[in-house]
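Student: Take this structure first; my questions come after.
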Amino acid sequence: MENYQNTYRYVTSYIEIFSCVFMHEFYQKSICADVVFTPTSRTTQLLKNFNLILKSKVGGFVLAANAQKDYSSSIFKDPFSLDFEFKFTNRHFHSFTSLINDPEVRYFLDDDFSTTVNLGPQHGTIDAELDRPGLSGILRIKHVLEAPLLPLFGEDAGKFRARKKEVILNTRMIRPVYICYTTEDSLASYQGMGIEKEGEFKGVVEFDPPEMTQTSSGMNAFKFVSKNEIPMKDSWKGYFLLYRSNQLGVYKKTLPNPSPQSIKFDFTLNSYISENFVKL
């Protein structure tokens with residue numbers, strides 16, 4: 001009895017033609033892990049037409065072309081552009097990223113054929129076509145004969161080089177603020193408090209003497225405001241310690257480090273702050 005093969009494997013090889021990664025000072029490993037990319041409908045059709053595949057990776061994506069496809073025809077030398085929507089998935093992203101103060105502004109990165117670009121306020125746009133929920137924008141990459149995306153084989157094969165794009169985002173500069181509240185009866189026992197710094201904060205952050213204030217609920221509080229700004233980070237190698245020593249004894253309390261959810265813009269200080277409420 002003869003056996004017939006009824007399963008076939010098609011082998012295709014792809015070569016990388018373009019890669020993009022978003023870098024951010026906020027993250028410990030510098031790669032922005034909170035961004036996703038989606039090709040527009042027009043771009044999706046172009047990827048299909050040119051036999052390209054899109055592969056996502058942490059912080060970016062890679063485009064690859066079928067190495068078995070012949071791109072030497074003159075038609076592939078005609079210019080075109082590909083648009084990829086990027087969207088930041090962390091709901092606090094605007095708080096810790098140095099962008100336009102208005103979180104509703106969208107961003108457009110046109111292709112200038114450079115390998116590195118700083119995404120910032122200069123890329124903001126009010127284009128109605130980009131009006132959608134969430135912090136997002138469009139990255140456009142272009143195929144031109146002088147800087148091709150397609151692997152133009154044939155006589156131009158030796159000229160082709162895979163292109164790369166590194167998009168850099170800067171972290172927000174913030175001032176740590178601590179509002180330490182207590183009841184009116186125990187207020188006097190906390191007089192003379194200060195904040196000690198340990199680890200990476202030592203010798204870097206200094207606080208003004210505390211001022212008396214009240215919380216929105218009417219609680220009395222000591223307010224500590226940093227004299228200087230520091231770059232926001234996703235993790236810290238240090239901490240702040242509330243400290244007081246008098247005839248009543250020694251009082252110590254570890255304070256929460258700045259976090260994305262604590263960041264807000266303070267119009268009085270004209271800067272972003274990390275506002276933390278601490279019960280004494």
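Student: Taking the conditions exactly as written (surrounded by 13 or more Cβ atoms within 10 Å (Cβ to Cβ) and touching a Ser or Thr at 6+ places or on another chain (Cβ under 6 Å)), does Asp83 satisfy them or not?
Tutor: Values: surrounded by 13 or more Cβ atoms within 10 Å (Cβ to Cβ): yes; touching a Ser or Thr at 6+ places or on another chain (Cβ under 6 Å): yes.
In short, yes.
Student: Being within 33 Å of the chain's Cα centre (by Cα) and surrounded by 18 or more Cβ atoms within 10 Å (Cβ to Cβ), is that true of even one residue in the stretch 152-165?
Tutor: Start the filter on the stretch 152-165 by keeping residues that are within 33 Å of the chain's Cα centre (by Cα), which leaves 160-165.
Filter once more, so that each one left must be surrounded by 18 or more Cβ atoms within 10 Å (Cβ to Cβ): 163, 165.
Scanning the stretch 152-165 turns up at least one residue that is within 33 Å of the chain's Cα centre (by Cα) and surrounded by 18 or more Cβ atoms within 10 Å (Cβ to Cβ).
Student: Read through the list (1) modelled with pLDDT of 95 or more; (2) farther than 26 Å from Glu25 by Cβ, then give the number of the only condition that Asp185 fails.
Tutor: Evaluating Asp185 over (1) modelled with pLDDT of 95 or more; (2) farther than 26 Å from Glu25 by Cβ leaves (1) as the failure.
Student: Looking at the structure I just gave you, is Ser262 among the polar types (S, T, N, Q) and surrounded by 13 or more Cβ atoms within 10 Å (Cβ to Cβ)? Break it down stepwise before answering.
Tutor: Values: among the polar types (S, T, N, Q): yes; surrounded by 13 or more Cβ atoms within 10 Å (Cβ to Cβ): yes.
Taking the combined requirement at face value, the residue satisfies it.
Student: Taking the stated definitions as given, is Asp208 out of contact with any strand residue (DSSP E or B) (no Cβ under 9 Å at 6 or more places or on another chain) and in the same structural domain as Ile230 (by TED's automatic domain parsing)? It would help to see each step written out before you state the result.
Tutor: Numbers: out of contact with any strand residue (DSSP E or B) (no Cβ under 9 Å at 6 or more places or on another chain): no; in the same structural domain as Ile230 (by TED's automatic domain parsing): yes.
Judged against the criteria, Asp208 is not a match.
Student: Does the stretch 121-136 include one or more residues that are touching a strand residue (DSSP E or B) at 6+ places or on another chain (Cβ under 8 Å), modelled with pLDDT of 95 or more and among the charged types (D, E, K, R)?
Tutor: Scanning the stretch 121-136 turns up no residue that is touching a strand residue (DSSP E or B) at 6+ places or on another chain (Cβ under 8 Å), modelled with pLDDT of 95 or more and among the charged types (D, E, K, R).
Student: Exactly one condition in (1) in contact with a Leu (Cβ under 7 Å, 6 or more places away or on another chain); (2) surrounded by 16 or more Cβ atoms within 10 Å (Cβ to Cβ); (3) part of a helix (DSSP H, G or I) is false for Arg175; which is it?
Tutor: Here Arg175 clears every test but (3).
Student: Further question: Quick one: Ser98 ticks every box in (1) within 22 Å of the chain's Cα centre (by Cα); (2) under 20 Å from Lys164 (Cβ atoms); (3) hydroxyl-bearing (Ser, Thr, Tyr) bar one, so which box is it?
Tutor: Looking at each condition in turn, Ser98 falls short on (2).
Student: If a residue must be of a type outside the set (S, T, N, Q) and either free of Cβ contacts under 8 Å to residues at least 24 places away in the same chain or surrounded by 16 or more Cβ atoms within 10 Å (Cβ to Cβ) (or both), how many such residues does the stretch 51-79 contain? Spell out the reasoning first.
Tutor: First, the residues of the stretch 51-79 that are of a type outside the set (S, T, N, Q): 52-55, 57-65, 67, 69-71, 75-79.
In the following step, the residues that additionally are either free of Cβ contacts under 8 Å to residues at least 24 places away in the same chain or surrounded by 16 or more Cβ atoms within 10 Å (Cβ to Cβ) (or both) were identified as 52, 54-55, 59-65, 69, 71, 75-76, 78.
Summing the residues that are of a type outside the set (S, T, N, Q) and either free of Cβ contacts under 8 Å to residues at least 24 places away in the same chain or surrounded by 16 or more Cβ atoms within 10 Å (Cβ to Cβ) (or both) in the stretch 51-79 gives 15.
Student: Now for a different question. Give the residue that is farthest from Lys252 (Cα to Cα), with candidates limited to residues of the stretch 193-221 that are small (Gly, Ala, Ser) and surrounded by 13 or more Cβ atoms within 10 Å (Cβ to Cβ). Can you show your working first?
Tutor: First pass over the stretch 193-221, keeping only residues small (Gly, Ala, Ser): 194, 199, 203, 216-218, 221.
Keeping just the survivors that are surrounded by 13 or more Cβ atoms within 10 Å (Cβ to Cβ) gives 194, 221.
Details: Gly194: 10, Ala221: 17 Å.
So the residue we want is Ala221.
Student: Tell me, yes or no, whether the stretch 217-233 has at least one residue that is more than 21 Å from the chain's Cα centre (by Cα) and without any contact (Cβ under 8 Å) to a residue 12 or more places away in the chain. Let's see the steps before the verdict.
Tutor: Pass one, the stretch 217-233, residues more than 21 Å from the chain's Cα centre (by Cα): 217-228.
Now restrict to residues that are without any contact (Cβ under 8 Å) to a residue 12 or more places away in the chain: 217-218.
There is at least one residue in the stretch 217-233 that is more than 21 Å from the chain's Cα centre (by Cα) and without any contact (Cβ under 8 Å) to a residue 12 or more places away in the chain.
Student: Would you confirm whether or not the stretch 3-26 contains a residue that is assigned to a strand (DSSP E or B), closer than 18 Å to Lys165 by Cβ and among the charged types (D, E, K, R)?
Tutor: Here is the first cut: in the stretch 3-26, the ones assigned to a strand (DSSP E or B) are 14-24.
Next cut, closer than 18 Å to Lys165 by Cβ only: 15-24.
With the extra rule that they be among the charged types (D, E, K, R), the set shrinks to 16.
The answer is yes, given that some residue of the stretch 3-26 is assigned to a strand (DSSP E or B), closer than 18 Å to Lys165 by Cβ and among the charged types (D, E, K, R).
The values are calculated or read from the model by the stated rules, or taken from the named source; none is laboratory data. Everything numeric in this text was worked out from a predicted model, so none of it was measured. Cβ: placed from backbone, ideal geometry, glycine included. Neighbour counts: every protein chain shown.
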